[in-house]
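Taking it in order: structure first as C-alpha coordinates, then the write-up.
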Amino acid sequence: MAAAFTSLTETRAYQELILLARHPYDLTGKQALQADNRLERYVCRTELLDLHYATERVDDQVLTLLQELADELRVVEQFQMMRRGAVLNRIDGFASENRQVLHTACRDLFSPEPVEPLATGQAKKELAKLRTFLGKIDSGELCNQKEARFDTLIHVGIGGSDLGPRCMFEALRAYALPGRQVHFIANVDPDDGARVLSGVNLARTLVCIVSKSGTTLETLTNEKLVCRALVEAGLDPAKHCIAVTGEKSPLDDPAKYLESFYMDDYIGGRFSSTSMVGAVMLGFALGMDRVMDFLQGASDIDRLAEEKNIRRNMPLLLALIGVWNHNFLGYPTLAVLPYSQALHRFPAHLQQCDMESNGKSIDRQGRAVTSRTGPIIWGEPGTNGQHAFYQLLHQGTEIVPAEFIGFKQSQMAIDLLVQETTSQQKLLANLLAQVVAMATGQSSDNPNRNFPGNRPSCLLLAEKLTPRVMGALLAAYEAKIVFQGFIWNINSFDQEGVQLGKVLAGRFLQALKDPSGSGENFEGVFLNQL
Ligand code: G6Q
(Lines give C-alpha, C1' and ligand atoms only; values in the text may rest on other atoms or scores of the structure.)
Protein backbone atom coordinates (compact mmCIF):
# COMPACT_ATOMS: atom_id res chain seq x y z
CA MET A 1 0.00 0.00 0.00
CA ALA A 2 2.84 2.44 -0.76
CA ALA A 3 0.52 5.05 -2.24
CA ALA A 4 -2.21 4.65 0.37
CA PHE A 5 -1.08 7.42 2.68
CA THR A 6 -0.32 10.27 0.36
CA SER A 7 -2.52 13.31 0.64
CA LEU A 8 -4.71 15.38 -1.57
CA THR A 9 -2.14 18.01 -2.57
CA GLU A 10 0.39 15.38 -3.68
CA THR A 11 -1.89 14.00 -6.38
CA ARG A 12 -1.87 14.79 -10.07
CA ALA A 13 -5.63 15.33 -10.07
CA TYR A 14 -5.24 18.05 -7.43
CA GLN A 15 -3.40 20.42 -9.79
CA GLU A 16 -5.96 19.95 -12.52
CA LEU A 17 -8.88 20.42 -10.15
CA ILE A 18 -7.32 23.70 -8.95
CA LEU A 19 -7.47 24.93 -12.56
CA LEU A 20 -11.07 23.77 -13.06
CA ALA A 21 -12.12 25.45 -9.81
CA ARG A 22 -11.45 28.83 -11.44
CA HIS A 23 -14.54 28.33 -13.60
CA PRO A 24 -16.90 25.89 -11.90
CA TYR A 25 -20.16 24.93 -13.57
CA ASP A 26 -22.56 27.86 -13.67
CA LEU A 27 -25.89 26.83 -12.15
CA THR A 28 -27.64 30.11 -12.90
CA GLY A 29 -29.65 30.85 -15.99
CA LYS A 30 -32.60 29.11 -17.55
CA GLN A 31 -30.90 26.12 -19.10
CA ALA A 32 -28.28 25.40 -16.45
CA LEU A 33 -30.13 22.62 -14.66
CA GLN A 34 -31.54 21.09 -17.83
CA ALA A 35 -28.35 21.00 -19.88
CA ASP A 36 -27.06 17.53 -20.86
CA ASN A 37 -29.87 15.76 -19.03
CA ARG A 38 -28.11 16.86 -15.90
CA LEU A 39 -31.05 16.30 -13.58
CA GLU A 40 -31.37 12.67 -14.71
CA ARG A 41 -27.68 11.90 -15.09
CA TYR A 42 -26.45 13.42 -11.85
CA VAL A 43 -28.26 11.03 -9.56
CA CYS A 44 -26.57 8.21 -7.66
CA ARG A 45 -29.25 5.65 -6.90
CA THR A 46 -29.02 3.07 -4.14
CA GLU A 47 -31.64 0.65 -2.97
CA LEU A 48 -32.86 2.93 -0.19
CA LEU A 49 -31.47 6.38 -0.77
CA ASP A 50 -30.73 8.48 -3.87
CA LEU A 51 -28.21 11.29 -4.08
CA HIS A 52 -29.25 14.06 -6.50
CA TYR A 53 -26.28 16.26 -7.27
CA ALA A 54 -27.19 18.22 -10.41
CA THR A 55 -27.27 21.36 -8.23
CA GLU A 56 -23.59 21.03 -7.28
CA ARG A 57 -21.05 23.06 -9.25
CA VAL A 58 -19.64 19.98 -10.95
CA ASP A 59 -19.57 18.76 -14.55
CA ASP A 60 -18.29 15.62 -16.24
CA GLN A 61 -14.72 16.92 -16.32
CA VAL A 62 -14.70 17.60 -12.59
CA LEU A 63 -16.27 14.22 -11.85
CA THR A 64 -13.65 12.45 -13.97
CA LEU A 65 -10.90 14.17 -12.02
CA LEU A 66 -12.56 13.41 -8.70
CA GLN A 67 -12.59 9.76 -9.78
CA GLU A 68 -8.87 10.03 -10.56
CA LEU A 69 -8.28 11.63 -7.19
CA ALA A 70 -10.05 8.78 -5.42
CA ASP A 71 -8.09 6.24 -7.46
CA GLU A 72 -4.74 7.94 -6.88
CA LEU A 73 -5.33 8.08 -3.14
CA ARG A 74 -6.70 4.52 -3.12
CA VAL A 75 -9.47 5.55 -0.79
CA VAL A 76 -11.69 2.57 -1.56
CA GLU A 77 -8.78 0.20 -0.87
CA GLN A 78 -8.25 1.95 2.46
CA PHE A 79 -11.95 1.54 3.27
CA GLN A 80 -11.66 -2.15 2.41
CA MET A 81 -8.61 -2.43 4.68
CA MET A 82 -10.51 -0.69 7.46
CA ARG A 83 -13.43 -3.12 7.24
CA ARG A 84 -11.01 -6.03 7.33
CA GLY A 85 -9.32 -4.94 10.53
CA ALA A 86 -6.29 -2.82 9.52
CA VAL A 87 -4.85 -0.71 12.35
CA LEU A 88 -5.75 2.71 10.94
CA ASN A 89 -6.26 4.64 14.16
CA ARG A 90 -2.61 5.66 14.42
CA ILE A 91 0.02 8.25 13.58
CA ASP A 92 3.29 6.82 12.21
CA GLY A 93 6.16 7.17 14.64
CA PHE A 94 4.17 8.83 17.45
CA ALA A 95 2.23 7.56 20.45
CA SER A 96 -1.39 7.06 19.38
CA GLU A 97 -4.41 4.90 20.11
CA ASN A 98 -3.00 2.36 17.64
CA ARG A 99 -6.26 0.52 17.09
CA GLN A 100 -8.35 -1.15 14.45
CA VAL A 101 -11.47 0.67 13.25
CA LEU A 102 -14.29 -1.83 13.14
CA HIS A 103 -17.66 -0.17 13.70
CA THR A 104 -18.69 -1.67 10.36
CA ALA A 105 -18.27 -5.18 11.79
CA CYS A 106 -21.26 -4.57 14.11
CA ARG A 107 -23.59 -4.70 11.13
CA ASP A 108 -21.83 -7.14 8.81
CA LEU A 109 -24.41 -9.68 9.90
CA PHE A 110 -26.28 -10.38 6.72
CA SER A 111 -23.80 -12.23 4.55
CA PRO A 112 -22.63 -15.76 5.25
CA GLU A 113 -19.02 -14.56 5.18
CA PRO A 114 -18.43 -11.38 7.18
CA VAL A 115 -15.24 -9.60 6.16
CA GLU A 116 -13.89 -9.53 9.73
CA PRO A 117 -15.39 -12.67 11.29
CA LEU A 118 -13.91 -12.20 14.75
CA ALA A 119 -15.39 -8.76 15.40
CA THR A 120 -18.70 -9.66 13.77
CA GLY A 121 -18.81 -12.84 15.88
CA GLN A 122 -18.43 -10.66 18.96
CA ALA A 123 -21.25 -8.37 17.79
CA LYS A 124 -23.51 -11.37 17.16
CA LYS A 125 -22.84 -12.67 20.66
CA GLU A 126 -23.83 -9.35 22.25
CA LEU A 127 -26.94 -9.06 20.05
CA ALA A 128 -28.01 -12.56 21.06
CA LYS A 129 -27.53 -11.61 24.72
CA LEU A 130 -29.62 -8.48 24.14
CA ARG A 131 -32.38 -10.46 22.44
CA THR A 132 -32.58 -12.80 25.44
CA PHE A 133 -32.54 -9.92 27.90
CA LEU A 134 -35.27 -8.00 26.08
CA GLY A 135 -37.31 -11.18 25.73
CA LYS A 136 -37.35 -11.42 29.52
CA ILE A 137 -38.39 -7.76 29.82
CA ASP A 138 -41.19 -8.25 27.26
CA SER A 139 -42.50 -11.40 28.91
CA GLY A 140 -42.33 -9.89 32.38
CA GLU A 141 -39.84 -12.54 33.58
CA LEU A 142 -37.58 -9.61 34.41
CA CYS A 143 -39.53 -6.96 36.28
CA ASN A 144 -39.03 -4.67 39.22
CA GLN A 145 -39.11 -5.62 42.89
CA LYS A 146 -42.81 -4.92 43.00
CA GLU A 147 -43.55 -7.15 40.01
CA ALA A 148 -44.27 -4.18 37.77
CA ARG A 149 -43.02 -4.31 34.19
CA PHE A 150 -40.34 -1.96 32.90
CA ASP A 151 -41.75 0.50 30.40
CA THR A 152 -39.17 3.31 30.54
CA LEU A 153 -35.43 3.45 29.91
CA ILE A 154 -33.06 6.24 30.87
CA HIS A 155 -29.93 6.22 28.73
CA VAL A 156 -27.02 7.83 30.60
CA GLY A 157 -23.92 8.67 28.53
CA ILE A 158 -22.19 11.58 26.86
CA GLY A 159 -20.46 12.43 23.57
CA GLY A 160 -20.37 9.38 21.34
CA SER A 161 -22.27 7.47 24.00
CA ASP A 162 -25.16 9.92 23.72
CA LEU A 163 -25.38 11.89 20.48
CA GLY A 164 -25.73 9.03 18.01
CA PRO A 165 -28.16 6.96 20.13
CA ARG A 166 -30.25 10.02 20.98
CA CYS A 167 -30.41 11.02 17.30
CA MET A 168 -31.37 7.46 16.24
CA PHE A 169 -34.08 7.30 18.88
CA GLU A 170 -35.56 10.64 17.83
CA ALA A 171 -35.42 9.55 14.19
CA LEU A 172 -37.21 6.29 14.85
CA ARG A 173 -39.45 6.96 17.85
CA ALA A 174 -42.45 6.84 15.50
CA TYR A 175 -41.86 3.06 15.47
CA ALA A 176 -41.65 2.65 19.28
CA LEU A 177 -43.38 -0.31 20.88
CA PRO A 178 -46.64 0.74 22.55
CA GLY A 179 -46.08 2.22 25.98
CA ARG A 180 -42.26 2.29 25.77
CA GLN A 181 -40.50 5.53 26.68
CA VAL A 182 -36.86 6.53 26.49
CA HIS A 183 -35.09 9.51 28.09
CA PHE A 184 -31.48 10.66 27.95
CA ILE A 185 -29.20 12.25 30.51
CA ALA A 186 -25.85 13.48 29.21
CA ASN A 187 -24.85 16.83 30.64
CA VAL A 188 -23.16 17.05 34.03
CA ASP A 189 -25.42 20.07 34.54
CA PRO A 190 -27.49 18.74 37.46
CA ASP A 191 -30.61 20.24 35.91
CA ASP A 192 -30.39 17.77 33.02
CA GLY A 193 -30.71 14.77 35.35
CA ALA A 194 -33.22 16.47 37.64
CA ARG A 195 -35.54 17.29 34.75
CA VAL A 196 -35.57 13.71 33.46
CA LEU A 197 -35.93 12.16 36.90
CA SER A 198 -38.86 14.38 37.77
CA GLY A 199 -40.84 13.07 34.81
CA VAL A 200 -40.52 9.28 35.15
CA ASN A 201 -41.93 6.53 37.34
CA LEU A 202 -38.66 5.09 38.66
CA ALA A 203 -40.31 1.85 39.74
CA ARG A 204 -40.85 1.00 36.07
CA THR A 205 -37.55 2.42 34.81
CA LEU A 206 -34.45 0.67 33.54
CA VAL A 207 -31.29 2.78 33.61
CA CYS A 208 -28.69 2.08 30.96
CA ILE A 209 -25.25 3.45 31.87
CA VAL A 210 -23.21 3.79 28.70
CA SER A 211 -19.49 4.47 28.83
CA LYS A 212 -16.91 2.66 26.76
CA SER A 213 -14.06 3.71 29.03
CA GLY A 214 -16.10 3.48 32.23
CA THR A 215 -14.19 6.54 33.45
CA THR A 216 -16.08 9.54 32.06
CA LEU A 217 -16.75 11.85 34.98
CA GLU A 218 -20.01 13.27 33.62
CA THR A 219 -21.49 9.80 33.15
CA LEU A 220 -20.24 8.42 36.47
CA THR A 221 -21.66 11.49 38.21
CA ASN A 222 -25.03 11.09 36.51
CA GLU A 223 -25.05 7.39 37.37
CA LYS A 224 -24.72 8.37 41.05
CA LEU A 225 -27.49 10.95 40.64
CA VAL A 226 -29.88 8.37 39.21
CA CYS A 227 -28.90 5.71 41.75
CA ARG A 228 -29.52 8.13 44.60
CA ALA A 229 -33.00 8.79 43.21
CA LEU A 230 -33.65 5.03 42.97
CA VAL A 231 -32.55 4.47 46.55
CA GLU A 232 -34.68 7.40 47.74
CA ALA A 233 -37.64 5.76 46.00
CA GLY A 234 -36.93 2.55 47.94
CA LEU A 235 -35.55 0.75 44.89
CA ASP A 236 -32.38 -1.30 44.51
CA PRO A 237 -30.15 0.19 41.76
CA ALA A 238 -28.68 -3.25 41.01
CA LYS A 239 -32.16 -4.36 39.96
CA HIS A 240 -32.72 -1.36 37.68
CA CYS A 241 -29.35 -0.59 36.11
CA ILE A 242 -27.70 -2.16 33.11
CA ALA A 243 -24.35 -1.20 31.61
CA VAL A 244 -22.80 -0.87 28.17
CA THR A 245 -19.04 -0.65 28.47
CA GLY A 246 -15.66 -2.03 27.48
CA GLU A 247 -14.79 -5.39 28.96
CA LYS A 248 -12.73 -4.94 32.15
CA SER A 249 -13.46 -1.20 32.32
CA PRO A 250 -14.22 0.19 35.82
CA LEU A 251 -17.91 -0.11 34.88
CA ASP A 252 -17.59 -3.83 34.15
CA ASP A 253 -18.93 -5.02 37.48
CA PRO A 254 -21.68 -7.67 37.15
CA ALA A 255 -22.62 -7.31 40.83
CA LYS A 256 -23.77 -3.73 40.22
CA TYR A 257 -25.86 -4.36 37.12
CA LEU A 258 -28.81 -6.44 36.04
CA GLU A 259 -26.95 -7.11 32.79
CA SER A 260 -23.78 -5.85 31.09
CA PHE A 261 -23.23 -5.47 27.36
CA TYR A 262 -19.81 -5.01 25.86
CA MET A 263 -18.16 -2.99 23.15
CA ASP A 264 -14.57 -3.36 22.02
CA ASP A 265 -12.02 -0.59 21.76
CA TYR A 266 -12.02 -0.89 17.98
CA ILE A 267 -15.40 0.90 17.95
CA GLY A 268 -14.96 4.66 18.25
CA GLY A 269 -17.52 6.46 20.41
CA ARG A 270 -18.86 8.64 17.60
CA PHE A 271 -19.15 5.58 15.35
CA SER A 272 -20.86 3.47 17.99
CA SER A 273 -24.58 3.90 17.21
CA THR A 274 -24.77 0.46 15.59
CA SER A 275 -22.91 -1.23 18.48
CA MET A 276 -24.47 -2.07 21.84
CA VAL A 277 -24.26 1.67 22.60
CA GLY A 278 -27.24 2.27 20.33
CA ALA A 279 -28.68 -1.24 20.13
CA VAL A 280 -29.64 -1.68 23.80
CA MET A 281 -31.73 1.48 23.91
CA LEU A 282 -33.16 0.97 20.41
CA GLY A 283 -33.97 -2.68 21.17
CA PHE A 284 -35.89 -1.63 24.27
CA ALA A 285 -37.73 1.14 22.41
CA LEU A 286 -38.43 -0.50 19.06
CA GLY A 287 -37.89 -4.24 19.49
CA MET A 288 -35.14 -6.37 18.01
CA ASP A 289 -36.67 -6.81 14.55
CA ARG A 290 -36.41 -3.10 13.93
CA VAL A 291 -32.88 -3.00 15.30
CA MET A 292 -31.97 -5.67 12.76
CA ASP A 293 -33.58 -3.60 9.97
CA PHE A 294 -31.54 -0.60 11.09
CA LEU A 295 -28.33 -2.66 11.05
CA GLN A 296 -29.20 -4.09 7.66
CA GLY A 297 -29.54 -0.60 6.15
CA ALA A 298 -26.08 0.29 7.48
CA SER A 299 -24.62 -2.96 6.22
CA ASP A 300 -26.03 -2.34 2.73
CA ILE A 301 -24.15 0.96 2.53
CA ASP A 302 -20.89 -0.48 3.92
CA ARG A 303 -20.85 -2.98 1.08
CA LEU A 304 -21.73 -0.32 -1.48
CA ALA A 305 -18.85 1.84 -0.19
CA GLU A 306 -16.39 -0.73 -1.57
CA GLU A 307 -17.45 0.14 -5.13
CA LYS A 308 -14.65 1.89 -7.05
CA ASN A 309 -16.79 3.87 -9.47
CA ILE A 310 -17.59 7.13 -7.69
CA ARG A 311 -20.83 7.55 -9.61
CA ARG A 312 -22.12 4.36 -8.02
CA ASN A 313 -20.50 4.74 -4.61
CA MET A 314 -22.85 7.22 -2.95
CA PRO A 315 -20.87 7.96 0.25
CA LEU A 316 -17.66 8.37 -1.73
CA LEU A 317 -19.33 10.72 -4.19
CA LEU A 318 -20.72 12.74 -1.26
CA ALA A 319 -17.20 12.87 0.22
CA LEU A 320 -15.58 13.98 -3.03
CA ILE A 321 -18.18 16.66 -3.74
CA GLY A 322 -17.58 17.87 -0.18
CA VAL A 323 -13.84 18.06 -0.89
CA TRP A 324 -14.53 19.91 -4.15
CA ASN A 325 -16.64 22.50 -2.30
CA HIS A 326 -14.28 22.84 0.66
CA ASN A 327 -10.78 22.50 -0.78
CA PHE A 328 -11.23 23.72 -4.34
CA LEU A 329 -14.11 26.20 -4.19
CA GLY A 330 -13.03 27.30 -0.72
CA TYR A 331 -16.28 27.12 1.27
CA PRO A 332 -15.52 26.70 4.97
CA THR A 333 -18.79 25.30 6.31
CA LEU A 334 -21.45 22.78 5.37
CA ALA A 335 -25.12 22.94 6.30
CA VAL A 336 -26.99 19.66 6.77
CA LEU A 337 -30.67 20.41 6.33
CA PRO A 338 -33.09 17.53 6.91
CA TYR A 339 -36.68 18.15 5.86
CA SER A 340 -37.87 15.80 8.58
CA GLN A 341 -38.54 16.76 12.17
CA ALA A 342 -37.54 13.24 13.21
CA LEU A 343 -33.99 14.08 12.10
CA HIS A 344 -33.75 17.16 14.29
CA ARG A 345 -30.69 15.77 16.12
CA PHE A 346 -28.96 14.53 12.98
CA PRO A 347 -26.96 17.72 12.37
CA ALA A 348 -25.80 17.60 16.01
CA HIS A 349 -24.75 13.98 15.66
CA LEU A 350 -22.89 14.74 12.43
CA GLN A 351 -21.24 17.71 14.07
CA GLN A 352 -19.54 15.31 16.44
CA CYS A 353 -18.97 12.52 13.97
CA ASP A 354 -17.47 14.80 11.35
CA MET A 355 -15.78 17.55 13.34
CA GLU A 356 -14.24 15.27 15.98
CA SER A 357 -13.04 12.93 13.25
CA ASN A 358 -11.71 15.41 10.71
CA GLY A 359 -10.94 18.52 12.75
CA LYS A 360 -7.23 17.73 12.56
CA SER A 361 -4.08 19.64 11.57
CA ILE A 362 -1.48 16.92 11.28
CA ASP A 363 -1.40 14.06 8.82
CA ARG A 364 -0.91 10.36 9.45
CA GLN A 365 2.85 10.86 9.46
CA GLY A 366 2.68 13.59 12.12
CA ARG A 367 3.43 16.43 9.67
CA ALA A 368 1.42 19.63 9.31
CA VAL A 369 -1.32 19.09 6.75
CA THR A 370 -0.97 20.83 3.42
CA SER A 371 -4.67 21.41 2.77
CA ARG A 372 -7.77 22.36 4.67
CA THR A 373 -9.30 19.44 6.58
CA GLY A 374 -12.82 19.07 8.03
CA PRO A 375 -15.37 21.84 7.43
CA ILE A 376 -17.62 23.32 10.10
CA ILE A 377 -20.86 21.32 10.13
CA TRP A 378 -24.13 22.85 11.21
CA GLY A 379 -27.82 22.69 10.43
CA GLU A 380 -31.41 22.48 11.54
CA PRO A 381 -34.49 20.86 10.06
CA GLY A 382 -36.48 22.58 7.33
CA THR A 383 -38.90 24.23 7.12
CA ASN A 384 -38.00 25.76 10.51
CA GLY A 385 -34.56 26.81 9.27
CA GLN A 386 -36.13 28.70 6.38
CA HIS A 387 -37.69 31.06 8.88
CA ALA A 388 -34.37 31.48 10.66
CA PHE A 389 -31.03 31.46 8.84
CA TYR A 390 -31.80 30.81 5.16
CA GLN A 391 -31.55 34.54 4.44
CA LEU A 392 -27.78 34.13 4.74
CA LEU A 393 -27.82 30.99 2.59
CA HIS A 394 -29.46 32.90 -0.27
CA GLN A 395 -28.02 36.39 -0.05
CA GLY A 396 -25.21 36.40 2.52
CA THR A 397 -21.56 37.00 1.68
CA GLU A 398 -20.62 33.52 2.93
CA ILE A 399 -21.47 30.76 0.51
CA VAL A 400 -22.65 27.71 2.42
CA PRO A 401 -22.92 24.44 0.53
CA ALA A 402 -25.89 22.43 1.77
CA GLU A 403 -26.84 18.78 1.99
CA PHE A 404 -30.62 18.54 1.97
CA ILE A 405 -32.29 15.34 3.17
CA GLY A 406 -35.89 14.53 2.34
CA PHE A 407 -38.51 11.78 2.28
CA LYS A 408 -41.44 11.33 -0.05
CA GLN A 409 -43.71 9.99 2.70
CA SER A 410 -44.16 11.00 6.31
CA GLN A 411 -43.47 8.41 9.01
CA MET A 412 -46.80 8.48 10.77
CA ALA A 413 -49.15 9.19 7.85
CA ILE A 414 -51.22 11.57 9.94
CA ASP A 415 -51.79 14.46 7.59
CA LEU A 416 -54.44 16.86 6.38
CA LEU A 417 -55.39 18.91 3.34
CA VAL A 418 -55.06 22.65 3.75
CA GLN A 419 -55.47 24.77 0.63
CA GLU A 420 -55.64 21.52 -1.34
CA THR A 421 -52.25 20.15 -0.36
CA THR A 422 -51.07 17.91 2.46
CA SER A 423 -48.45 19.01 4.97
CA GLN A 424 -46.06 16.44 3.51
CA GLN A 425 -46.53 18.00 0.07
CA LYS A 426 -45.85 21.42 1.53
CA LEU A 427 -42.68 20.10 3.17
CA LEU A 428 -41.43 18.59 -0.09
CA ALA A 429 -42.35 21.65 -2.15
CA ASN A 430 -40.33 23.81 0.22
CA LEU A 431 -37.38 21.44 0.05
CA LEU A 432 -37.29 21.43 -3.75
CA ALA A 433 -37.78 25.19 -3.87
CA GLN A 434 -34.74 25.77 -1.67
CA VAL A 435 -32.53 23.47 -3.73
CA VAL A 436 -33.48 25.29 -6.94
CA ALA A 437 -33.40 28.80 -5.47
CA MET A 438 -29.89 28.30 -4.10
CA ALA A 439 -28.67 27.00 -7.44
CA THR A 440 -30.32 29.21 -10.02
CA GLY A 441 -30.90 32.41 -8.07
CA GLN A 442 -32.96 35.17 -9.65
CA SER A 443 -31.95 38.50 -11.06
CA SER A 444 -33.87 41.66 -10.30
CA ASP A 445 -33.49 45.36 -10.96
CA ASN A 446 -33.93 45.85 -7.26
CA PRO A 447 -30.53 44.87 -5.76
CA ASN A 448 -32.21 43.94 -2.52
CA ARG A 449 -34.26 41.34 -4.39
CA ASN A 450 -31.39 39.92 -6.36
CA PHE A 451 -30.47 36.30 -5.70
CA PRO A 452 -26.98 35.55 -7.01
CA GLY A 453 -27.48 31.74 -7.13
CA ASN A 454 -24.56 29.38 -7.73
CA ARG A 455 -24.88 28.20 -4.13
CA PRO A 456 -24.21 24.49 -4.37
CA SER A 457 -26.30 21.83 -2.73
CA CYS A 458 -27.32 18.21 -3.11
CA LEU A 459 -30.32 16.23 -2.04
CA LEU A 460 -30.46 12.84 -0.34
CA LEU A 461 -33.93 11.52 -1.05
CA ALA A 462 -35.65 8.38 0.21
CA GLU A 463 -39.18 7.06 0.22
CA LYS A 464 -39.70 7.14 3.99
CA LEU A 465 -37.57 7.37 7.13
CA THR A 466 -37.76 3.72 8.23
CA PRO A 467 -35.27 1.94 10.53
CA ARG A 468 -33.53 0.49 7.47
CA VAL A 469 -33.29 3.88 5.74
CA MET A 470 -31.94 5.43 8.95
CA GLY A 471 -29.26 2.76 9.09
CA ALA A 472 -28.33 3.53 5.48
CA LEU A 473 -28.26 7.29 6.06
CA LEU A 474 -26.09 6.92 9.14
CA ALA A 475 -23.63 4.57 7.44
CA ALA A 476 -23.48 6.82 4.36
CA TYR A 477 -22.36 9.74 6.50
CA GLU A 478 -19.96 7.61 8.53
CA ALA A 479 -18.36 6.38 5.30
CA LYS A 480 -18.30 9.90 3.85
CA ILE A 481 -16.38 11.13 6.90
CA VAL A 482 -13.94 8.22 6.74
CA PHE A 483 -13.35 8.77 3.01
CA GLN A 484 -12.64 12.45 3.53
CA GLY A 485 -10.15 11.59 6.27
CA PHE A 486 -8.37 9.27 3.83
CA ILE A 487 -8.32 12.02 1.19
CA TRP A 488 -6.78 14.51 3.64
CA ASN A 489 -4.44 11.80 4.95
CA ILE A 490 -5.43 12.41 8.56
CA ASN A 491 -6.30 10.02 11.37
CA SER A 492 -10.08 10.43 11.64
CA PHE A 493 -10.38 8.04 14.55
CA ASP A 494 -8.74 9.71 17.55
CA GLN A 495 -9.67 12.89 19.45
CA GLU A 496 -6.55 14.23 21.18
CA GLY A 497 -7.96 17.73 20.80
CA VAL A 498 -10.43 17.19 23.63
CA GLN A 499 -7.76 16.18 26.16
CA LEU A 500 -6.33 19.58 27.15
CA GLY A 501 -9.71 20.92 28.24
CA LYS A 502 -10.33 17.77 30.29
CA VAL A 503 -7.01 18.13 32.13
CA LEU A 504 -7.59 21.82 32.84
CA ALA A 505 -11.15 21.13 34.05
CA GLY A 506 -9.65 18.65 36.52
CA ARG A 507 -7.33 21.37 37.83
CA PHE A 508 -10.12 23.92 38.13
CA LEU A 509 -12.27 21.40 39.93
CA GLN A 510 -9.47 20.75 42.38
CA ALA A 511 -9.18 24.49 43.02
CA LEU A 512 -12.94 24.94 43.41
CA LYS A 513 -13.09 22.34 46.19
CA ASP A 514 -10.06 23.85 47.95
CA PRO A 515 -10.90 23.69 51.70
CA SER A 516 -9.31 27.13 52.23
CA GLY A 517 -12.51 28.57 50.88
CA SER A 518 -10.95 30.25 47.86
CA GLY A 519 -13.16 28.01 45.78
CA GLU A 520 -15.97 30.46 46.43
CA ASN A 521 -14.03 33.09 44.54
CA PHE A 522 -14.50 32.09 40.91
CA GLU A 523 -12.39 34.89 39.46
CA GLY A 524 -9.58 34.12 41.91
CA VAL A 525 -9.57 30.44 40.97
CA PHE A 526 -9.43 31.39 37.32
CA LEU A 527 -6.50 33.75 37.72
CA ASN A 528 -4.56 31.38 40.00
CA GLN A 529 -4.68 28.62 37.44
CA LEU A 530 -3.37 30.72 34.57
C1 G6Q B 1 -16.16 9.90 20.59
C2 G6Q B 1 -15.36 10.34 21.69
C3 G6Q B 1 -16.14 10.84 22.89
C4 G6Q B 1 -16.65 9.73 23.81
C5 G6Q B 1 -17.17 10.35 25.10
C6 G6Q B 1 -17.74 9.33 26.05
O7 G6Q B 1 -15.73 9.39 19.59
O8 G6Q B 1 -14.47 9.36 22.01
O9 G6Q B 1 -17.21 11.68 22.54
O10 G6Q B 1 -17.66 8.99 23.17
O11 G6Q B 1 -16.13 11.05 25.72
O12 G6Q B 1 -16.79 8.36 26.34
P13 G6Q B 1 -17.16 7.06 27.13
O14 G6Q B 1 -18.09 6.25 26.29
O15 G6Q B 1 -15.86 6.35 27.36
O16 G6Q B 1 -17.82 7.49 28.41
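The values are calculated or read from the model by the stated rules, or taken from the named source; none is laboratory data. Predicted, not measured: the structure shown is a model, and the values here were computed from it. Ideal geometry is used to build each Cβ from the backbone, glycine not excepted, and the neighbour counts take in all protein chains shown. Note: areas computed on protein heavy atoms with side chains; ligands, DNA, RNA excluded. Shrake-Rupley method; radii C 1.70, N 1.55, O 1.52, S 1.80 Å.
Give the distance, in whole Å, between the Cα centre of the stretch 299-339 and the Cα centre of the stretch 19-86.
8 Å
For Gln145 and Lys30 in one chain, what is 0.36 nm times their gap in residues minus the Cα-Cα distance, to one decimal in nm?
34.4 nm
For the stretch 326-481, just say rounded, prolate or oblate: build the C-alpha gyration tensor, square-root its eigenvalues into a ≥ b ≥ c, call rounded for a/c under 1.5, and beyond that prolate if a/b exceeds b/c, oblate if not.
Oblate, since a/c reaches 1.5 and b/c is not below a/b.
Give me the percent of DSSP beta bridges within the chain that run antiparallel, rounded to the nearest 5.
25 percent
Would you please give the residues with an amide H less than 5 Å from that of Leu153, counting only those at least 5 places away or on a separate chain, with H modeled from the backbone geometry?
Amide H neighbours of Leu153, under 5 Å, 5+ apart: Gln181, Val182, His183, Leu206.
Between beta-carbons, use under 14 Å as the cut-off and find the net charge around Ala433, counting Lys and Arg +1, Asp and Glu -1.
Combined, the nearby Lys, Arg, Asp and Glu give +2.
Distance from the Cα centre of the stretch 348-400 to that of the stretch 436-456, in angstrom?
That distance is 23 Å.
Count the net charge of all other residues whose Cβ sits under 14 Å from the Cβ of Pro250, scoring Lys and Arg as +1 and Asp and Glu as -1.
It works out to a net charge of 0.
How would you order 172-179, 223-230, 336-343 from highest to lowest mean count of nearby Cβ atoms within 10 Å?
The packing order, highest mean first, is 336-343, 223-230, 172-179.
Can you tally the net charge around Arg99? Count Lys and Arg as +1, Asp and Glu as -1, for every other residue whose Cβ sits under 10 Å from the Cβ of Arg99.
Cβ neighbours under 10 Å give a net charge of -3.
Please label the shape of the stretch 1-51 as rounded, prolate or oblate, based on the square roots a ≥ b ≥ c of the eigenvalues of the alpha-carbon gyration tensor (a/c under 1.5 means rounded; beyond that, a/b larger than b/c means prolate, else oblate).
Oblate.
Residues of the stretch 283-316 with backbone nitrogen within less than 18 Å of a virtual label 7 Å along the Cα-to-Cβ line of Arg84, please, listed as ranges.
302-309
At q = 0.19, 0.20 Å⁻¹, what log₁₀ I(q)/I(0) does the stretch 64-117 have when each alpha carbon counts as one equal point scatterer in the Debye sum?
Evaluating at q = 0.19, 0.20 Å⁻¹ gives log10 I(q)/I(0) of -0.77, -0.81.
Take peptides 468-479, 363-374, 321-332 and line them up by average Cβ neighbours within 10 Å, highest first, as a rough protection proxy.
468-479, 321-332, 363-374
Just the ratio, please: alpha-carbon radius of gyration of the chain over 2.2 N^0.38 Å, N its number of residues.
1.02
Could you check the spin-label model distance between Gln365 and Arg131? Points 7 Å from the Cα along Cα→Cβ, value in nm.
4.8 nm
Rounded to the nearest 500 deg cm²/dmol, what is the calculated helix-only ellipticity per residue at 222 nm for the chain, with -39500 (n - 2.57) per DSSP H run of length n ≥ 4?
It lands at -12500 deg cm²/dmol.
Rounded, prolate or oblate for the stretch 18-101? Axes are the square roots of the Cα gyration tensor eigenvalues, ordered a ≥ b ≥ c, and the cut-off for rounded is a/c under 1.5.
Judged from the Cα gyration tensor, the stretch 18-101 comes out prolate (a/c at least 1.5, a/b above b/c).
Leaving out ligands, DNA and RNA, and with a 1.4 Å probe, what % of the accessible surface on the stretch 202-303 is carbon or sulfur?
Using a 1.4 Å probe with all protein chains present, the stretch 202-303 comes out at 51 percent carbon and sulfur.
Cα to Cα, under 20 Å, and not fewer than 8 places away if on the same chain: which lysines meet these conditions relative to Lys124?
Lys136, Lys212, Lys248
Under a point spin-label approximation (7 Å from Cα along Cα-to-Cβ), what is the Asp138-Glu398 distance to one decimal in nm?
Here the answer is 4.7 nm between the modelled labels.
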